[in-house]
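Heads up, the thing below is written out as structure tokens.
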Amino acid sequence: MSKNPHIGIVIGSTRQGRFSERAAAWFQKIAARRADLSVEVIDLRDYPMPFFDEPASPAWMPPKAQAAKRWAAKLGELDGIVFVTPEYNHGYSAVLKNALDYAYQAYNRKPAAFVGYGGVGAARAIEQLRMVAVELQMAPIPKSVNIGMAEFFGIWQQGKDFSDFPHLEQAAVALLDDLSWWSRTLQSGRQTAAELASVD
Ligand SMILES: Cc1cc2nc3c(=O)[nH]c(=O)nc-3n(C[C@H](O)[C@H](O)[C@H](O)COP(=O)(O)O)c2cc1C
């Protein structure tokens with residue numbers, strides 16, 4: 001049997017004072033309890049890619065920017081990605097779009113899952129991310145964790161904790177259950193494809 005799928009939890013905001021890292025840390029704690037997955041938090045601040053400035057899409061030509069090379073190498077270690085996303089003007093963050101644009105093959109045939117927070121739990125941002133994920137040949141998971149208005153403001157500004165809202169953990173566990181299936185299934189599919197390609 002293959003090793004446990006390795007899941008990256010990407011902090012989708014790099015601004016000072018971001019909520020994203022709190023949501024990522026909370027989700028990571030829940031995911032780390034599982035025996036069927038391994039997880040790590042990935043901070044886009046550690047991959048300071050310039051605004052996309054390459055001669056072609058990474059689908060056709062590997063990027064020259066050093067941070068982008070490191071980013072693709074990190075993505076290459078992953079069997080699935082959880083994007084922890086804010087909602088900015090009903091979309092997702094520019095820094096996250098830049099990170100999505102800066103790699104291609106390393107995203108292909110891997111599941112994408114979403115944890116969002118904001119007025120409507122970043123539902124609009126997540127829908128947009130799902131469309132982009134499809135173009136990156138990812139498999140976006142229908143379940144998501146939506147940290148809505150009351151929970152978001154409660155935790156962010158009113159001294160509450162994630163544990164004050166048990167439905168959030170329930171949603172996280174349900175998401176991880178699906179992510180486990182998809183990451184294992186696609187891991188196996190990628191492996192089979194690589195084996196078939198090597199005998200051609
Ligand atoms: C430019 C901008 C636009 C925003 N637009 C929305 C929005 O459309 N929907 C929403 O729920 N929150 C919106 N917000 C509030 C964010 O949910 C809040 O600032 C959140 O903390 C951003 O995530 P971050 O702290 O991880 O960067 C916006 C914030 C900014 C800075």
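All of the numbers you see were taken from the coordinates with simple rules; none came from a lab. Note that this is a predicted model, so its numbers are computed, not measured. Virtual Cβ from ideal backbone geometry, glycine too; neighbours counted across all protein chains shown.
Every residue, every condition in (1) of a type in the set (A, V, I, L, M); (2) outside any helix (DSSP H, G or I); (3) in contact (Cβ under 8 Å) with a residue 12 or more places away in the chain; (4) surrounded by fewer than 23 Cβ atoms within 10 Å (Cβ to Cβ), yes or no:
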position: Gly8; (1), (2), (3), (4): no, yes, yes, yes
position: Thr14; (1), (2), (3), (4): no, yes, yes, yes
position: Arg18; (1), (2), (3), (4): no, yes, yes, yes
position: Trp26; (1), (2), (3), (4): no, no, yes, yes
position: Arg34; (1), (2), (3), (4): no, yes, yes, yes
position: Arg45; (1), (2), (3), (4): no, no, yes, yes
position: Glu54; (1), (2), (3), (4): no, yes, yes, yes
position: Lys69; (1), (2), (3), (4): no, no, no, yes
position: Ala113; (1), (2), (3), (4): yes, yes, yes, no
* State the number of residues belonging to the stretch 71-96 that are surrounded by fewer than 17 Cβ atoms within 10 Å (Cβ to Cβ), assigned to a helix (DSSP H, G or I) and within 14 Å of the ligand (Cβ to nearest atom). => 1
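Is the stretch 138-153 home to any residue that is among the aliphatic types (A, V, I, L, M), crowded, with 16+ Cβ neighbours inside 10 Å and assigned to a helix (DSSP H, G or I)?
no
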* To do: Residue by residue through the stretch 7-22, note down the ones that are farther than 13 Å from Leu96 by Cβ and more than 12 Å from the chain's Cα centre (by Cα).
  => Gln16, Gly17, Phe19, Glu21, Arg22
* Number of the condition not met by Ala65 [criteria: (1) touching a Pro at 6+ places or on another chain (Cβ under 7 Å); (2) free of Cβ contacts under 8 Å to residues at least 24 places away in the same chain; (3) of a type outside the set (Lys, Arg)] -> (2)
* Yes/no for Leu100 being assigned to a helix (DSSP H, G or I), within 15 Å of the chain's Cα centre (by Cα) and within 15 Å of the ligand (Cβ to nearest atom) -> no
* Lone unmet requirement of (1) of a type outside the set (Lys, Arg); (2) surrounded by fewer than 20 Cβ atoms within 10 Å (Cβ to Cβ); (3) touching a Ser or Thr at 6+ places or on another chain (Cβ under 9 Å) for Val41 -> (3)
